[in-house]
Amino acid sequence: MSARQGFGVIGENRTGIGSRTATRNLSSSGERNENAMMSDEIRSEVRRIVPTLTDDRFKGQSGKVAVLGGCFEYTGPPYFASVAALAVGADLSHVFCSTSAAPIIKQYSPDILVHPYFLQRSELMQNVKTAAATAHVAEATVEVESWFNRLDCLVVGPGLGRDPLLLDIARSVILRAKAAKMPLVLDGDGLFLVAREPELVAGYTNCVLTPNLNEFRRLASTMGVSLHGPNNDRSSKLLEVTAHLRGPTLVSKGPVDAICDGKVTMICNASGGAKRCGSQGDILAGTIATFISWTLAFLDSARQSAEVEVVILPEINPMVLASYGACLVTRTAAAYAFAARKRAMVASDMLGQLGSAMEMLFDTAGGTATAGAVGPGLQGQGLLQAHISANTPNIGAAVSSGGS
């Protein structure tokens, strides 16, 4: 299947576009044709939130993303996440990391803004560790929070590690981000934190979790969801986990990517690379953050626009749509990189293909692009009009009726 035919939607006892049943069998040619038709509809919806590049745009208008992660042991993951955000189309990308990781990450690229705000526990004086740790968590949280009004989305986890002090800082920042309604993407060790304390994100709809198979097992175990016995299909388990979380969208990574908010499950099965090299998940996390920032900009502009068009996909949560777009681009970039490098493919090869994947899928570069611009003269609102009409400030709120 080509990248242009890369998805299916599973719904819950509803009709209309975006509500296919979980038992759908795609083995017949008729079903495949319908799947291809749905792919065009979904991609056209994603295209609406991708900004067209024009001469009158200013710095920051195409997205301002940050990554909280990076420690002495792990410096690559925050680099890949932050540079992926730029390679897809964000204007600015930050990394909040430990002081030991910052010089290394700065050497990787001058294009990312690196903030060495965090100490690791081993760097504190032994005789005052408890008091110093508490003070440092508060101080580091204030430093990160001071950037919230200059960011569109925050990724937490890539390269964070398991240092207790860094985990405490991440926990504190997540709580402040929720209070500020900052959209979050949690990946890597951010998911380790959530598996230990699911209440950190429970009920928060402006949040995307991106577990791989092992991370999903850990989340499911924490919430008492058995992955054995009857009804053990992936979609039902996703629905169970999201039901326990009551808000966040899950992107379950695997041979296909399953994206679920507890009401709609969207499957991205676009062709990807056969090489499963490290840091592909970090690249996806940064890409999701950029797509979320575009969704926010789209919603803000559409609320100010007098133009109203038919609601095409009212059932799909914008967080789900943004995640689907990011999965499609990332998988396409992986396919391109693998075609060029085969067994030698590494994550750096994918970074160089993200722009090509965007152009192939959405054709957004240059003034003659067909994608809807973010700003005055918006072409139409599609599925997001349901949120605009309701004037809901929380873009993650579900718009479909019925649940898992």
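Taking the DSSP beta bridges with both ends in the range 58-360, the antiparallel portion is around 25 percent.
Counted by Cβ distance under 15 Å from LYS342, the other residues give a net charge of +3, where Lys and Arg count +1 and Asp and Glu count -1. Considering only the other residues whose Cβ falls under 12 Å of the Cβ of ALA84, what net charge follows from Lys and Arg at +1 and Asp and Glu at -1? Around ALA84, the charge tally is -3. Peptides 329-336, 246-253, 104-111, 345-352, ordered by how many other C-beta atoms sit within 10 Å of their residues on average, highest first, read 329-336, 246-253, 345-352, 104-111. With 28 Å as the cut-off, how large is the P(r) tail for the range 167-326, expressed as percent of Cα-Cα pairs? Percentage above 28 Å: 21. Charge tally around VAL225: other residues with Cβ under 10 Å, Lys/Arg +1 each, Asp/Glu -1 each, net +1.
For the set LYS178/LYS263; LYS263/LYS342; LYS59/LYS106; LYS59/LYS263, the pairs lying more than 28 angstrom apart at their alpha carbons are LYS263/LYS342; LYS59/LYS263.
In this structure TYR79 has an accessible area near 40 Å², from a 1.4 Å probe over the protein heavy atoms. For LYS253, the aspartates and glutamates whose Cα falls under 15 Å of its own Cα, not counting residues fewer than eight places away in the same chain, are ASP187, GLU215, ASP233, ASP261, ASP282. Only one residue of MET266, LEU193, VAL256 has its Cα farthest out toward the positive end of the dipole of the range 58-360, where Lys and Arg carry +1 and Asp and Glu -1 on Cβ, and that residue is VAL256.
For the range 58-360, the solvent-accessible area with a 1.4 angstrom probe is 37 square angstrom per residue.
The values are calculated or read from the model by the stated rules, or taken from the named source; none is laboratory data. Owing to the predicted nature of the structure, the values given are computational and were not obtained by experimental measurement. In this analysis, Cβ positions are derived from the backbone assuming ideal geometry, glycine residues included, and neighbour counts consider all displayed protein chains. Accessible surface is based on the protein model in full, side chains and every heavy atom, while ligands, DNA and RNA are left aside. Shrake-Rupley method; radii C 1.70, N 1.55, O 1.52, S 1.80 Å.
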